[in-house]
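**Q** Sharing a structure below in structure tokens format, with a few things to ask.
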Amino acid sequence: MSDRNRRKFIKTSAMAAAATALPMPFIWPKGASAATVKMGILHSLTGTIAIAEKSVVDSELLAVEEINNAGGVMGQQIEAVIEDGASDWPTFAEKARKLIEKDKVASVMGCYTSASRKAVLPVFEKLKGLLYYPTYYEGLEISPNIMYTAQEATQSSIAATEWLYENRGKSFFLVGSDYIWPRTTIKLCKITLDRLGGTVAGENYYPLGHIEFSSAINKIKATKPDVIVNCVVGGSNVAFFKQLKAAGIIDAGTTVLSLAVSEEEVSGIGSENTAGTLTCMGYFQSLSNPTNEKYVSAFKKKYGANRVTGDTLECAYIAVHLWAMAAEKAQSFDVEKVVAASSGLEIDAPEGKVKFHTDNHHLWKHARIGEFLPDGQAKMLYESPLIEPDPFPKL
């Protein structure tokens, strides 16, 4: 065999071997286009915040699946590009840059803490990306490149304080983690109490991750407040609730209302430690409406019957749908056009009908107060009308 024929034989044989080694070709769903649009997902899959953010990713992927099964966005299937922020703020900024510059995503669903959002904000503004942020937060921010799908502080703290004052007592003890969201939220609570004529029995802050709350508990025992407003965040709530329970404060009838504890957190704290306490959220899994029943059923079918939904999960789920709706309305994935199309955009969400403000990128939201039951679910006690977002209140 000549060298030329030998090279031709080797090349042909290699191509044949490669062809037989290839997997079966992907078959698009009936009626779907082979074209795709990339959407970034940027949350902590590892590190201290992963316990909360992993579930948020699950909810976002459920929304992607639903949209793709319905034909995609403008006939294009969504391709989710997932990155791990690793509970590290510089890593969030690095991954945001990678998603925008290298992956060319049309939008990003991402971040959980205010620290991670603040880390990526300059990246999105400089590179003209688009972030959908699904966590309740302190407000005090509007960015042309961020859409906020959870409540800012005025949409929870004020309504909660007013309801507590009218229904549970006039004396409040305030406790929170030591960073911007708890401090801003508690400041709004104090301003509201001052307007109503209530009193502050005490105020304590602790670092994130703190697990020893004896100083606050001793003060609570000494001052005997009618209400404890809890703005402790994350895993610290496990220790806080166990210590409140052990001290007999919950069982003694003191009202404890949390502003950062949903059904998802209760699954980690233990429902035996939260039963009888209150929470203020925009969404509860127990809400009775067709959209929520469909969402909860789909979530449990995909991830397991023992899984629960919660406020941040729902806000992440509707974020994906709101982006798809805005892109369809704009008939474009261009960031400026999608943002413009979002003005006043309404969605029939699991939490009820909500809509984007015409110019500040936040949603009009309900404030809902619920009582945690022994099974970890929340029984709704109060629902406000839709509250206009006011991210820059006069403090």
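**Q** Quickly rank 311-319, 253-261, 241-249 as a protection proxy: mean count of other C-beta atoms within 10 Å, highest first.
**A** Working: 311-319: 28.1, 253-261: 22.3, 241-249: 17.7.
Answer by packing, highest mean first, reads 311-319, 253-261, 241-249.
**Q** Size of the dipole of segment 137-267 about the Cα centre, Lys and Arg at +1 and Asp and Glu at -1 on the beta carbon, nothing else charged, in debye to 20?
**A** Values: 11 positive and 14 negative charges, 107 e Å.
Dipole of segment 137-267, to the nearest 20 debye: 520 debye.
**Q** Hey, what did segment 301-354 get for relative contact order, percent, Cα under 8 Å, at least 6 apart? The partial results should precede the final answer.
**A** Working: 27 pairs, mean separation 14.4, N = 54.
For segment 301-354, the relative contact order is 27 percent.
**Q** What fraction of the Cα pairs in the chain, stated in percent, has a spacing above 32 angstrom?
**A** So the pairs more than 32 Å apart make up 37 percent of the total in the chain.
**Q** Want the number for D359 to K337: 0.36 nm per residue separation, take away the alpha-carbon distance, what's left? Mind showing how you got there, number by number?
**A** Details: separation 22, 0.36 × 22 = 7.92 nm, distance 1.37 nm.
In short, 6.5 nm is gained.
**Q** Still on this model: As I understand it, the dipole of the chain uses +1 on the Cβ of Lys and Arg and -1 on the Cβ of Asp and Glu, about the Cα centre. Which of A378, T154, Y136 lies farthest toward its positive end?
**A** Going by the Cα projections, it comes out as Y136.
**Q** I'd like to know which of I67, A216, V200 lies farthest towards the positive end of the charge dipole of the chain, counting +1 on Cβ of Lys and Arg and -1 on Cβ of Asp and Glu.
**A** In the chain, that residue is I67.
**Q** Given 10 °C and 1.306 mPa s, compute D for segment 114-166 with the Stokes-Einstein relation, Rh being the Kirkwood radius over Cα pairs; round to the nearest whole µm²/s.
**A** Numbers: Rh = 12.3 Å.
My calculation gives 129 µm²/s for D.
**Q** Gaussian network model of the chain, Cα springs within a sub-10 Å range: biggest mean-square fluctuation belongs to which of A96, A35, A63?
**A** A35
**Q** What does a probe at L381 reach in segment 168-196, counting residues whose amide N is under 18 Å from the point 7 Å along Cα→Cβ?
**A** Counting only backbone N, you get 168-175, 189, 193.
**Q** Determine the sum of side-chain charges near R368: Lys and Arg each +1, Asp and Glu each -1, restricted to other residues whose C-beta is under 10 angstrom from that of R368.
**A** On the way: positive: K365; negative: D311, E351, E383.
With Lys, Arg at +1 and Asp, Glu at -1, the net is -2.
**Q** Additional query: With an 8 Å cut-off on Cα pairs and a minimum separation of 6 or more residues, tell me the relative contact order of segment 47-133 in percent. It would help to have the intermediate numbers written out before the result.
**A** On the way: 77 pairs, mean separation 22.0, N = 87.
Here the relative contact order equals 25 percent.
**Q** With springs connecting C-alpha atoms under 10 Å apart, model the chain as a Gaussian network and identify which of P350, P225, P290 has the largest mean-square fluctuation.
**A** The residue with the greatest mean-square fluctuation here is P290.
**Q** For segment 262-307, give the magnitude of the charge dipole about the Cα centre (Cβ charges: +1 Lys/Arg, -1 Asp/Glu; no others), in debye to the nearest 20.
**A** Dipole magnitude for segment 262-307 comes out near 340 debye.
**Q** Also, quick follow-up: Using amide H atoms built in the peptide plane, which far-off residues or other-chain residues are under 5 Å from I82 H to H?
**A** Long-range HN contacts for I82: I41.
**Q** Sticking with this structure for a sec: Note down the relative contact order for segment 248-377 as a percent, whole number, built from C-alpha pairs under 8 angstrom at least six residues apart.
**A** Values: 176 pairs, mean separation 44.1, N = 130.
Relative contact order of segment 248-377: 34 percent.
**Q** Follow-up question, since we're still on this one. Among F92, F124, Y112, whose Cα projects farthest towards the positive end of the dipole of segment 83-152, with charges put on the beta-carbon of Lys, Arg (+1) and Asp, Glu (-1)?
**A** Most positive-ward Cα: F124.
**Q** What is the gain in length, in nm to one decimal, between N204 and S286 on full extension, counting 0.36 nm per residue of separation less the C-alpha to C-alpha distance?
**A** Using 0.36 nm per residue and subtracting the Cα-Cα distance, I get 26.3 nm.
**Q** Of the peptides 40-50, 268-278, how do they stack up when ordered by the mean number of other Cβ atoms within 10 Å, highest first?
**A** Working: 40-50: 20.8, 268-278: 18.7.
Those peptides, ordered most packed to least, come out 40-50, 268-278.
**Q** Additional query: Using a 10 Å cut-off on Cβ atoms, rank the peptides 228-234, 367-373 from the highest mean neighbour count down.
**A** Working: 228-234: 24.9, 367-373: 21.4.
Packing order, densest peptide first, comes out as 228-234, 367-373.
Taken together, the values in this text are just the output of simple stated rules run on the coordinates, not laboratory data. The structure displayed is predicted, hence computed values, not measured ones. Don't worry about glycine lacking a Cβ; one is built from the backbone with ideal geometry, like all the others, and counts go over all protein chains shown.
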